[in-house]
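Novice: So that we are looking at the same thing, I have put the structure below in structure tokens.
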Amino acid sequence: MLKSLRFRLNGKLVEIEGREEQPVLDWLRDDTGLTGTREGCREGDCGACLALLGRRNLEGTGIEWVPAATCLLALGELDGRALITVEGLAVEGPTPVMRALHVENASQCGFCSPGVAVALSHFLLAEGPRDEAAAVASVEGNLCRCTGYASISRAARALSSDFSGLPLDFPTRLAALAARGVFPPALAATMQDLPEPASADPGGSPPLGSSPPIGGGTDWYVRNTDPAPGLSPRFVGRDPELRFIETRGSGDGATLALGAGVTVADFFASEAVRAAAPGIERFEALVASPHIRARATLAGNIANASPVADLTAMLLALDARLVLSGASGARELALADFFLGYKKTALDGDGIIETILLPAAPRAFSFEKAARRERLDIAAVNTALSLAVDSGGAMRGVIVSAGGVGPVPLLLRKAAAALEGRKPSAHAFREAMEAARAEVAPISDVRGSAEFRKRVLGRLLAAHALRLFPGGFSVEELLA
Amino acid sequence: MKDRSDRSALAAVRFDSGDRPESLRNLTGATKYLDDLPEAANLLHAAVVPSPSGHGRRLRVDASKARELDPSVLVLLADSIPGENQMGTAVDDEPLLAEGEWHYAGQPVALVLASSKRLARAAAALVRVTGEELPVVTDPREAFAKGQLILKPRVQSSGDLAAAFRTEEQGGAARWIVEGRAESGGQEHVYLETQGAIAEPVDGGLRLISGTQAPSGVQKAVARVLGIPMRELEVEAMRLGGAFGGKEDQAAPWAALAALGAWVTGRPVKLVLSRRDDLRMTGKRHPYSTDFRLALDAEGKFLGLELDFYQNAGAACDLSPAIIARSLYHAAGAYRIPAVRAAGYMCRTNLPPFTAFRGFGAPQAIWAMEAAVSKAAEATGIPALELQRRNLLREGDLTHYGMKMEDCRAGRAFELLLSRNPAARLKAEIDDFNAAHGDRKRGSWVIPLAFGVSFTKLMMNQGGALVHVFNDGSVSVSTGAVEMGQGVGRKVLVVAARTLGVPENLVRIERTRTATVANTMPTAASTGSDINGAAALAACEEIRKRLLAFAATVLGAPEDELSLGNGLVLRGGRDAGLAWKDLVAKAHEARVDLSAHGFYATPGLFYDMKAERGSPFAYHVYGAALVVAELDTLRGSSRIVRADLVHDGGVPIDALVDRGQIEGAFAQGLGWAILEDLVYGKDGKLLSDTLSTYKLPDMKFMDFPIDIELLDDAANAKAVLGSKAVGEPPFQYGIAGYFAVLEALKAARPGAGGFFDLPLTQEKALRFLDGGN
């Protein structure tokens, strides 16, 4: 519905009455004439519509800039925030990022080029590693059908070396980038704070009849590409009160609490999460793409109830519980009990998943995914496994999850039982693989046949075994 | 061109970053594609209502709900078409809007016009289309069995086939005969910019901006639909956001629908397809099912080849006859085979009309031939590399359609690739890795290339150009070429600048307009720069001739001593004291014509359709590629480890452009071979109908070293400035990816024979690893 919105666009304050449910992409193209942001797929898969979104960081201590697919970003999300499009970057002419791409002839038809330039500009601005691999990974959310990526890769690598000495702390880094024109100085001067929102309630309107809760919107807008005017979503993902990761309690019973606004990127970056599931960060790249991870929420991934939701598979294996709010008040239940049937959940009415709870005690963890493409693809089958090993070397508290093998994300209880209390052996895992295949009833669809899903599920369990007990047994033994 | 990680390689390429303002416009977001243009206040947005299923009759359309949504919504059906309801060019089998019957899911049925895109699409979704369902055929062999052929089969043959397949036991020379079936899937273009057009009434006619590779084709198609002369229509193509063949014939329906809307309403109309509509309504690369049979003698020499191509043509003819022709021409790949029979069957199914896509029938043929080589290597025990080497095309060879191979570089390219990757070293590289790893296996494959350049339809090998030199010395060049990222504008610009001897920044390449250069052919078949570059060259030469004659009078020098270069008139190669700008200004004063039209018709082409003999190509592009793949034997997934390409690019007009074409085509080829899975249901509905279900190569998929070496001393006498066409040939290198993964699979399951079912997905790999196929 129409709402007063105040935000910065390319450094300039904008105050409008805007349709809060409208995708920012349409608003940019139709209402402001900023057509460098383009529609390639309208489902977050191509990156042609990328812009930079400035928002409060997780800690609430300052601002962070993230890449955002504007086809999946509601105009209402911009209230009290800032957006930079390719035109804002290029206001004083081609930036060093654009020139690096230009020198490599990395723009052929050019349709995807602004999105690529935005992604690489973000790479230089963001925290994190600056090596060539990181530079290349920063464009994993951008499709290009012309170049075959080799020239884009060369440009990305060149940028990573040309900007290798960037300062680590944000203000100094931003100043350095401004000095070199990656961000025009006048724009950079606006990039360290955010305007006051025009709306008093930063979490969105109070629930109405047609008030869908939206986390990051990265799933919701795929299904609702052009929401009807008048809709008033509740933007759960932008409520600072709901974006937190904290440890509650202490000792063995300590729990990690993750708020509804926690993004996938927040999750993998969290030291507490990494302590609870050592090595979990290595699976981050298998989930969506950088710009989706920056905006998709854990709670949204769960509430969307896709049978192949990657984060859900991980959280199931991490023994997650949910705190739901709704008409009947707050209640807590196990994540596994949240799914009632295909796309049916325990949420009622306008209820939301307020908090996700995880045991904080460290557990060995593994995640596997079979998809057509390694990056930015939806799984045909995914699975996660967590366990502890007792002093006698036996596996304890084994949890196995799997997606894509039933109408909802599943706990594979029989597979887990086949491992519980036993010492890790090829034999035990073969039995678990057998049990897993027996307890699922997948269907065939565009991502793979039922037969394939069963076949690959067993092999992904074997992959868990090899990862968690390296040197313990061979592929041949597991597949014997 | 060197290793991609070697940035110093740039130094070897002549390049001035000021050369390509269009690239900087792209990168800054300033480039306008047709959907980026400002919209007139009275512009109507259009959306298309598709057929409800794969096949049916007694079509009924109920638009009442759409009109209820908003009374201003207009819904146009076939009966509002003033001219012919027909888009077919080779065969009249493709109505613009379905009437009575429909033949594929996604076939346009109605056009919806509304004041906003949102409203148009919402209204289109409310139009109810019903009818009586008819049986759906999606498999080309089933269609063939039912006699559903678009045109009669086409067969090329050469040599004594019966003798070639006579075994040693039968007194012949054939030691081995291998046969099998090679399946290849379709491929979605995924041009990042979807199909679209804007039509605007102007002075009693229409002006169209169409996202097309064929502005004249759109002009002709729209004139037929509206029943008006072509002169009443001007069609302009702006820069396209990718096309790859998908906008050759299949841009026309959307332009015709926009034109219909504008004609009926008198208002500008814009039609831009959503990605989902584009995916389900447009044709893609043809799926083929091919039977192969290859005879070899004791030395592994190819004696005879039989290929039967069952082409899944979809529901309408479209470009299928020209595509099957290219399949037939490329049946023997880069090999010399004395006896060949190649037959092509254009099978009519209930899928969208399949259409042009980079390679245009050649990939499907080269794939099947290479499957035969793979099977022959298994049967004979002779390494595939050795079979390939012994059977490569040589200078003076006659192809099975009677063309003499001249300036044949197949062997040169192959040997250069092997000198970079000696067979023994390559084998050791793979074997050592495989011996050391249980959970991973590697495989490699080399593919040789000989790709014929010219349109397979002879009359299409023509093009025009119009060049104006303005009296300030700046130059405007128009041709029929459409820029879609392939760099044809850049190449034409270089041709013009070099011919007129002026700095490149004096030259501007205009958008492609039918009223400027008429009767143009699609920018396709890799010929864009050959034909349009040559036409521009002809026009520039005409102007140069006039200017030099004029300069001779001004300077009082013999004309044959004068030339143009570096923005100057040169005499004996040295500054004659007359700058280009002054020459032009003076010539204008003296009433010298500073404009010229150029025309080019590719010489030397002929083909006898009855005898299936002739010389249909101006020349061939040669090359060879090595692809090394690695299989995860546990998960069944695979990745490419490295690739080495030796490519015959002639003398590139712009080496950076050609490198981009080679890399991009290779990625598309690899995608077709091992990743992209176009899935239709038995009901004819597209299942991979979003970019979340249809996966094309991304950065990670292509994140491996690619070495490219261009053949040197490679000037081509048959094309402009010694260059060679580059768009399609390197696509074929990606086919090696299939066989590299297959070799890795065979290493993981010793003794098992290969299978030929492209793309080689994880699902198929796992089935094989578990003992299947």
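Novice: Looking at segment B:601-610 only, could you name the residues that are touching a residue at least 12 places away in the same chain (Cβ under 8 Å) and either outside any loop (DSSP other than H, G, I, E, B) or within 15 Å of B:His400 (Cβ to Cβ) (or both)?
Specialist: Passing the criteria: B:Ala601, B:Phe606, B:Tyr607.
Yes/no per residue for (1) more than 28 Å from the chain's Cα centre (by Cα); (2) buried (at least 24 other Cβ atoms within 10 Å of the Cβ); (3) not in a helix (DSSP H, G or I):
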{"position": "B:Gly246", "(1), (2), (3)": "no, yes, yes"}
{"position": "B:Gly261", "(1), (2), (3)": "yes, yes, no"}
{"position": "B:Lys270", "(1), (2), (3)": "no, yes, yes"}
{"position": "B:Gly283", "(1), (2), (3)": "no, yes, yes"}
{"position": "B:Gly300", "(1), (2), (3)": "yes, no, yes"}
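Novice: Another question, if that's okay. Tally up the residues in segment B:582-601 that are touching a helix residue (DSSP H, G or I) at 6+ places or on another chain (Cβ under 7 Å) and either under 20 Å from B:Ala534 (Cα atoms) or modelled with pLDDT under 95 (or both), please.
Specialist: First, pick out the residues of segment B:582-601 that are touching a helix residue (DSSP H, G or I) at 6+ places or on another chain (Cβ under 7 Å): B:583, B:586-587, B:590, B:592-594, B:596-600.
Then drop every residue that is not either under 20 Å from B:Ala534 (Cα atoms) or modelled with pLDDT under 95 (or both), which leaves B:594, B:596-600.
The total comes to 6.
Novice: Tell me, which residue of segment B:703-728 that is closer than 26 Å to B:Val482 by Cβ, in a loop (DSSP other than H, G, I, E, B) and not small (Gly, Ala, Ser) is farthest from the other protein chains (Cβ to nearest Cβ)?
Specialist: Of everything passing the filter in segment B:703-728, B:Lys718 is farthest from the other protein chains (Cβ to nearest Cβ).
Novice: Now a separate question. Can you confirm whether segment A:149-170 contains a residue that is part of a helix (DSSP H, G or I), surrounded by fewer than 20 Cβ atoms within 10 Å (Cβ to Cβ) and away from chain B (no Cβ under 13 Å)?
Specialist: There is at least one residue in segment A:149-170 that is part of a helix (DSSP H, G or I), surrounded by fewer than 20 Cβ atoms within 10 Å (Cβ to Cβ) and away from chain B (no Cβ under 13 Å).
Novice: Looking at (1) within 11 Å of chain A (Cβ to nearest Cβ); (2) surrounded by fewer than 23 Cβ atoms within 10 Å (Cβ to Cβ); (3) touching a residue at least 12 places away in the same chain (Cβ under 8 Å), which is the one condition that is false for B:Phe731?
Specialist: Failed condition: (2).
Novice: Would you tally the residues in segment B:104-145 being in contact with a helix residue (DSSP H, G or I) (Cβ under 8 Å, 6 or more places away or on another chain), among the small types (Gly, Ala, Ser) and more than 14 Å from every other protein chain (Cβ to nearest Cβ)?
Specialist: Of the residues in segment B:104-145, 3 are in contact with a helix residue (DSSP H, G or I) (Cβ under 8 Å, 6 or more places away or on another chain), among the small types (Gly, Ala, Ser) and more than 14 Å from every other protein chain (Cβ to nearest Cβ).
Novice: Spot the failing condition for B:Tyr694; the list is (1) outside any loop (DSSP other than H, G, I, E, B); (2) more than 7 Å from every other protein chain (Cβ to nearest Cβ); (3) under 16 Å from A:Arg145 (Cα atoms), and only one is missed.
Specialist: Tallying (1) outside any loop (DSSP other than H, G, I, E, B); (2) more than 7 Å from every other protein chain (Cβ to nearest Cβ); (3) under 16 Å from A:Arg145 (Cα atoms), B:Tyr694 fails exactly one: (1).
Novice: Here's a check for you: in segment B:214-228, which residue that is outside any helix (DSSP H, G or I) and in contact with a strand residue (DSSP E or B) (Cβ under 9 Å, 6 or more places away or on another chain) is farthest from B:Thr355 (Cα to Cα)? I'd like the intermediate steps shown before the answer.
Specialist: Our first condition is that a residue be outside any helix (DSSP H, G or I); within segment B:214-228, this holds for B:214, B:227-228.
Within this subset, residues satisfying the condition of being in contact with a strand residue (DSSP E or B) (Cβ under 9 Å, 6 or more places away or on another chain) are B:214, B:228.
On the way: B:Ala214: 14, B:Ile228: 27 Å.
This residue is B:Ile228.
Novice: Also, I was wondering about something else. For B:Asp654, all conditions in the list (1) more than 11 Å from chain A (Cβ to nearest Cβ); (2) touching a residue at least 24 places away in the same chain (Cβ under 8 Å); (3) acidic (Asp, Glu) hold save one; what is the number of the exception?
Specialist: Every listed condition holds for B:Asp654 apart from (1).
Novice: Sticking with this one: Which one is nearest to the other protein chains (Cβ to nearest Cβ), of the residues in segment A:23-45 that are in contact with a Cys (Cβ under 8 Å, 6 or more places away or on another chain) and among the acidic types (Asp, Glu)?
Specialist: A:Glu43
Novice: Given the conditions (1) within 11 Å of another protein chain (Cβ to nearest Cβ); (2) surrounded by fewer than 19 Cβ atoms within 10 Å (Cβ to Cβ), and given that A:His427 satisfies all but one, which numbered condition is not satisfied?
Specialist: Result: A:His427 fails condition (1) only.
Novice: Look through segment B:671-685, keep the residues that are in a loop (DSSP other than H, G, I, E, B) and farther than 30 Å from B:Glu133 by Cα, and return whichever of them is nearest to the chain's Cα centre (by Cα).
Specialist: Filtering first and then ranking leaves B:Glu676.
Novice: Quick check on this structure: which one of B:Gly649, B:Gly684 is among the small types (Gly, Ala, Ser), surrounded by fewer than 24 Cβ atoms within 10 Å (Cβ to Cβ) and more than 7 Å from chain A (Cβ to nearest Cβ)? Show your work before the answer.
Specialist: On the way: B:Gly649 fails: surrounded by fewer than 24 Cβ atoms within 10 Å (Cβ to Cβ).
The unique qualifying residue is B:Gly684.
Novice: Of these, A:Leu89, A:Leu78, A:Leu73, A:Leu83, which one is of a type outside the set (Val, Ile, Thr) and within 10 Å of another protein chain (Cβ to nearest Cβ)? Steps first, answer last, please.
Specialist: Details: A:Leu78 fails: within 10 Å of another protein chain (Cβ to nearest Cβ); A:Leu73 fails: within 10 Å of another protein chain (Cβ to nearest Cβ); A:Leu83 fails: within 10 Å of another protein chain (Cβ to nearest Cβ).
Checking each option against the conditions leaves just A:Leu89.
Novice: From the set of residues in segment A:367-399 that are on the phi > 0 side of the Ramachandran plot and more than 8 Å from every other protein chain (Cβ to nearest Cβ), which is surrounded by the most Cβ atoms within 10 Å (Cβ to Cβ)? Talk me through it step by step, then tell me what you get.
Specialist: If we filter segment A:367-399 for residues that are on the phi > 0 side of the Ramachandran plot, which is where we start, we get A:376, A:393, A:397.
If we keep only those that are more than 8 Å from every other protein chain (Cβ to nearest Cβ) as well, we get A:393, A:397.
Details: A:Gly393: 9, A:Gly397: 16.
By that ranking, first place goes to A:Gly397.
Novice: Could you please let me know if A:Pro184 is over 28 Å from B:Gly487 (Cβ atoms), at pLDDT 95 or above, surrounded by 18 or more Cβ atoms within 10 Å (Cβ to Cβ) and within 13 Å of chain B (Cβ to nearest Cβ)?
Specialist: For A:Pro184, the condition - over 28 Å from B:Gly487 (Cβ atoms), at pLDDT 95 or above, surrounded by 18 or more Cβ atoms within 10 Å (Cβ to Cβ) and within 13 Å of chain B (Cβ to nearest Cβ) - is met.
Novice: Where the second residue is among the β-branched types (Val, Ile, Thr) and in a helix (DSSP H, G or I) and the first is touching a residue at least 40 places away in the same chain (Cβ under 8 Å) and lies in segment A:171-192, which pairs have Cβ atoms under 8 Å and are six or more apart or on separate chains?
Specialist: Short answer, once both residue conditions are applied: A:Val182/A:Val97.
Novice: Return only the number of the condition from (1) over 17 Å from A:Leu34 (Cα atoms); (2) more than 14 Å from chain B (Cβ to nearest Cβ); (3) not in a loop (DSSP other than H, G, I, E, B) that A:Leu53 does not satisfy.
Specialist: Of the numbered conditions (1) over 17 Å from A:Leu34 (Cα atoms); (2) more than 14 Å from chain B (Cβ to nearest Cβ); (3) not in a loop (DSSP other than H, G, I, E, B), the odd one out for A:Leu53 is (1).
Novice: For A:Val222, state whether it is among the hydrophobic types (A, V, I, L, M, F, W, C), within 14 Å of chain B (Cβ to nearest Cβ) and within 18 Å of A:Ala309 (Cβ to Cβ). Give the steps one after another, and end with the answer.
Specialist: Numbers: among the hydrophobic types (A, V, I, L, M, F, W, C): yes; within 14 Å of chain B (Cβ to nearest Cβ): yes; within 18 Å of A:Ala309 (Cβ to Cβ): yes.
So A:Val222 fits the description; yes.
Novice: Kindly indicate the residue of segment B:178-210 that is more than 23 Å from B:Trp672 (Cβ to Cβ) and assigned to a loop (DSSP other than H, G, I, E, B) and also nearest to the other protein chains (Cβ to nearest Cβ) among those meeting that condition.
Specialist: Step one: of segment B:178-210, the residues more than 23 Å from B:Trp672 (Cβ to Cβ) are B:178-179, B:196-210.
So of that shortlist, the ones also assigned to a loop (DSSP other than H, G, I, E, B) come out as B:203-204.
Numbers: B:Asp203: 28, B:Gly204: 31 Å.
Step by step, filter segment B:178-210, then rank; the result is B:Asp203.
Novice: Right, here's the next one. Looking at (1) surrounded by fewer than 20 Cβ atoms within 10 Å (Cβ to Cβ); (2) under 30 Å from B:Gly361 (Cα atoms), find the lone condition where B:Ala535 falls short.
Specialist: (1) is the only condition that B:Ala535 fails.
Novice: Being touching a strand residue (DSSP E or B) at 6+ places or on another chain (Cβ under 9 Å) and more than 29 Å from A:Pro23 (Cβ to Cβ), is that true of even one residue in segment B:69-78?
Specialist: yes
The values are calculated or read from the model by the stated rules, or taken from the named source; none is laboratory data. Just so we're clear, the structure is a prediction, and the values are computed from it rather than from any experiment. Note: ideal-geometry Cβ built from the backbone for every residue, glycine included; neighbour counts use all protein chains shown.
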